[in-house]
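See below for the structure under consideration.
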Amino acid sequence: LAGYTLKALVERNGIDPTLIEDVIMGCVMQVGEQSTNIARNAVLAAGFPDTVPATTIDRQCGSSQQAAHFAAQGVMAGAYDVVIASGIEAMTRVPMGSSMADGKYGLPFGPQIGLRYASEGGLVPQGVSAELIADKWGLTRDDLDRFALRSQNNAARATQEGRFEREILPILDAEGNLMTTDEGIRASSMESLGALK
């Protein structure tokens, strides 16, 4: 998927791939088909010359943003004239938490990190931390559901108006269906959101 996107990027913009000086790609779950420097694999899959380098970075949820920062910094410093920054995360294929390998090779948060945060109750999963943040800032479930509903409605309206057509690259899914819109946008209501955990 990333190679397909890189190929379309240079075609849409009329860029000679030999001019690309680096590809920086953010990816959190670097395991399975997203492992072993997926940025380099995507460059090769896109058919770019072997001379185009690529690297994959992990700054967790800010990985693709960091890729854009590194690329911009390289341009500003005069190290690059042409660089691609991007991100990849195919969570239907490589689910969140996959790189933890069920703790088979140990856990990423060692005893020193545990000690550092022990006085605050220790490290907690994202869901628990979200609840703690909501409590701290007095955000109610109703407040958050209204915000989520507004976001879903805006995304659905923008899709219907064709605002994402230039951003989405149509592709066939595993069953041969042409995918042309974001699958994550769902018809929602306050009632359906309220039924979720």
**Item:** Counted residues, the stretch 147-178 - those being among the hydrophobic types (A, V, I, L, M, F, W, C) and surrounded by 13 or more Cβ atoms within 10 Å (Cβ to Cβ)
**Value:** 8
**Fill in**
Flagged in the stretch 131-146 as open to solvent by less than 60 Å² (accessible area, probe 1.4 Å) and either part of a helix (DSSP H, G or I) or in contact with a strand residue (DSSP E or B) (Cβ under 8 Å, 6 or more places away or on another chain) (or both), in numbering order, are A134, D145
**Prompt:** Picking from G184, G103, which residue would you name as being more than 20 Å from the chain's Cα centre (by Cα) and free of Cβ contacts under 8 Å to residues at least 60 places away in the same chain?
**Reply:** G103
**Prompt:** Quick check, is L172 of a type outside the set (K, R) and touching a Pro at 6+ places or on another chain (Cβ under 9 Å)?
**Reply:** no
**Request:** With respect to L123, determine if the residue is outside any helix (DSSP H, G or I) and more than 25 Å from the chain's Cα centre (by Cα).
**Result:** no
**Prompt:** Among the residues of the stretch 108-119, is there at least one that is open to solvent by less than 100 Å² (accessible area, probe 1.4 Å), in contact (Cβ under 8 Å) with a residue 24 or more places away in the chain, of a type outside the set (G, A, S) and part of a helix (DSSP H, G or I)?
**Reply:** no
**Prompt:** Among the residues of the stretch 72-100, which ones are within 19 Å of L6 (Cβ to Cβ), hydroxyl-bearing (S, T, Y) and either surrounded by fewer than 16 Cβ atoms within 10 Å (Cβ to Cβ) or over 15 Å from the mean Cα position of the chain (by Cα) (or both)?
**Reply:** Y80
**Message:** Tell me yes or no: at least one residue of the stretch 31-48 is touching a Pro at 6+ places or on another chain (Cβ under 6 Å) and not in a strand (DSSP E or B).
**Reply:** yes
**Prompt:** Is the stretch 50-71 home to any residue that is open to solvent by less than 50 Å² (accessible area, probe 1.4 Å), under 17 Å from the mean Cα position of the chain (by Cα), farther than 21 Å from R166 by Cβ and among the hydroxyl-bearing types (S, T, Y)?
**Reply:** yes
**Request:** Please list, ordered by first then second residue, the pairs with beta carbon atoms under 7 Å, 6 or more apart or interchain, first in the stretch 128-139 and within 17 Å of K197 (Cβ to Cβ), second surrounded by 11 or more Cβ atoms within 10 Å (Cβ to Cβ) and aliphatic (A, V, I, L, M).
**Result:** A134/L144
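The values are calculated or read from the model by the stated rules, or taken from the named source; none is laboratory data. Quantities reported herein were computed from a predicted structural model and do not represent experimental measurements. No Cβ is skipped: glycine too gets one built from the backbone with ideal geometry, and neighbour counts run over all protein chains shown. Side chains are part of the model used for accessible areas, which takes the heavy atoms of the whole protein and leaves out ligands, DNA and RNA. Shrake-Rupley method; radii C 1.70, N 1.55, O 1.52, S 1.80 Å.
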